[in-house]
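Here is the structure we will look at.
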Amino acid sequence: MGSKMIITCPFTGSLGLKLNPAIGAQPNFSTSLFRLKDTGIALQFSLDSKSIALVPLQFSDISIGVRTETLTSDPQLRVIQTGPIKEGAVIPAGLLASLVSSDDQTFATFNLSNPVYIVAGACKTPNVSVDMTRDNKTSSFKKIGSKTNPVAFNIQLVECPNFLKSVKYSIKANTKVIDANKGVVSLDASSTAKGIGLQVSRGDDQPVVIGKEYNFAGYDRAGGDFNIPFSASYIQTDASIEAGIADTSLTFIMSYQ
């Protein structure tokens, strides 16, 4: 929209947005959401990041005299889910809405240069609890870097849709990272054990790099259910250790294309 400008126009009536009828029906004045037909998504507009959302045009016979509107180069468009997203939903390029007055003056238009394709689906990923009590004894720790026997577990991907091109994942630490490249994180604040951390490895026994995004090679574009294999071990991080409760948690992050 260019640089900031001030437009002062006298008119009698109200000011609001009018949605392009080709992409959806004009809503009533009680909402700032402009629904795009049966896609399950709606648009919300504002003139800049600090402005409240613009509402639909409300016709009125009340004169508001001279009104000043400030148009900036930072208009905001928000995409909001309003229901189940229809597969293949798209926000088309071109005119989305116009900022108009009830006496038919157009103050600004909201246009989209390129279409936006909405990916409705994502794989479900149930929470995973790993029982680390099996075969884990203090006698396993001989020196810094020594580990307990690995405990295998899977991250499940359930009901993946059939139109995703690829699936990627990363692991985020919820506690202090001891060694990101070796996948070692500290225990949480509720733990009483001392001198150990937790190491997470992938199915090939290579440590997970904390924060690194990995491509899931086992994903099939036909969709369905999948397992991503991992293992976890306690690892000695200090010269001396103390037995006790040893808990921690990690966040599994998915991304789709």
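None of the figures in this text is laboratory data; all of them are computed from the coordinates on show. As the structure is a prediction and not an experimental result, all values here were calculated from the model. Cβ sites come from the backbone with ideal geometry, for glycine too, and all protein chains shown count toward neighbours.
Quick one: Debye curve from the alpha-carbon atoms of region 138-256 only, equal weights, vacuum; give me log10 I(q)/I(0) at q = 0.12, 0.17 Å⁻¹ to two decimals. Those come out to -0.48, -0.83, one per q. Of all lysines in the structure, the ones whose alpha carbon falls short of 25 Å from that of K194, not counting any fewer than 8 places away in one chain, are K137, K142, K143, K147, K172, K176, K182. Which distance in nm do the two modelled labels at F163 and N127 give, with both placed 7 Å along the Cα-to-Cβ direction? According to this spin-label approximation, the distance is 3.2 nm. Using 0.36 nm per residue and subtracting the Cα-Cα separation, the extra length available between T109 and D179 on full extension is 20.1 nm.
Note the full-extension length gain between K172 and N227 as 0.36 nm times their separation in residues minus their Cα-Cα distance, in nm to one decimal.
Values: separation 55, 0.36 × 55 = 19.80 nm, distance 1.87 nm.
The K172-N227 span can extend by a further 17.9 nm.
Grab the beta carbon distance between D247 and K143, set R0 = 25 Å, and tell me the FRET efficiency rounded to 0.05.
On the way: r = 24 Å, r/R0 = 0.95.
Efficiency at R0 = 25 Å is approximately 0.60.
In nm, to one decimal, how far is the modelled label at L95 from the one at E213, with both set 7 Å along Cα→Cβ? In this crude label model, L95 to E213 measures out at 3.7 nm.
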